[in-house]
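Only one structure is covered here, and it is reproduced in the block below.
The values are calculated or read from the model by the stated rules, or taken from the named source; none is laboratory data. What you see is a predicted model, and the numbers here were worked out from it, not measured in a lab. Cβ placement follows ideal geometry from the backbone for every residue including glycine, while neighbour counts extend to all protein chains displayed.
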Amino acid sequence: MISALVRDEDFRNACNEQKNIDEILLELINHTKQGNYAAAELCAEEIIESIRVIREMQSIKREHDKLVKLVENLTKQGIEIELIKKYG
């Protein structure tokens, strides 16, 4: 499902962030069951950071998709334009 939400070049990083969320979520649950709320809070902060990173990748994909659509529309109108991607 992540593949449809991020650019191909961000897919591996998004999967790593999702894996991080899944693993830390289990830690968070264990910490709360044990009453270790300080550690649980740290886990929650890490989860939120991973979510923020994935959301940023989603935002980048949305903007990229808009740009691609614009280029396609301009091309249909006979306006030649080249899309240059910046990596990094």
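With respect to the conditions (1) free of Cβ contacts under 8 Å to residues at least 40 places away in the same chain; (2) in contact with a His (Cβ under 9 Å, 6 or more places away or on another chain), Gln34 falls short on a single one, namely (2). With respect to Asp10, determine if the residue is touching a helix residue (DSSP H, G or I) at 6+ places or on another chain (Cβ under 8 Å), surrounded by 11 or more Cβ atoms within 10 Å (Cβ to Cβ) and of a type outside the set (Gly, Ala, Ser). So Asp10 fits the description; yes. Among the criteria (1) modelled with pLDDT of 95 or more; (2) assigned to a helix (DSSP H, G or I), the one Val6 does not fulfil is (2). Examine segment 58-81 for a residue that is outside any helix (DSSP H, G or I) and either closer than 21 Å to Glu9 by Cα or among the β-branched types (Val, Ile, Thr) (or both), and state whether such a residue exists. Scanning segment 58-81 turns up at least one residue that is outside any helix (DSSP H, G or I) and either closer than 21 Å to Glu9 by Cα or among the β-branched types (Val, Ile, Thr) (or both).
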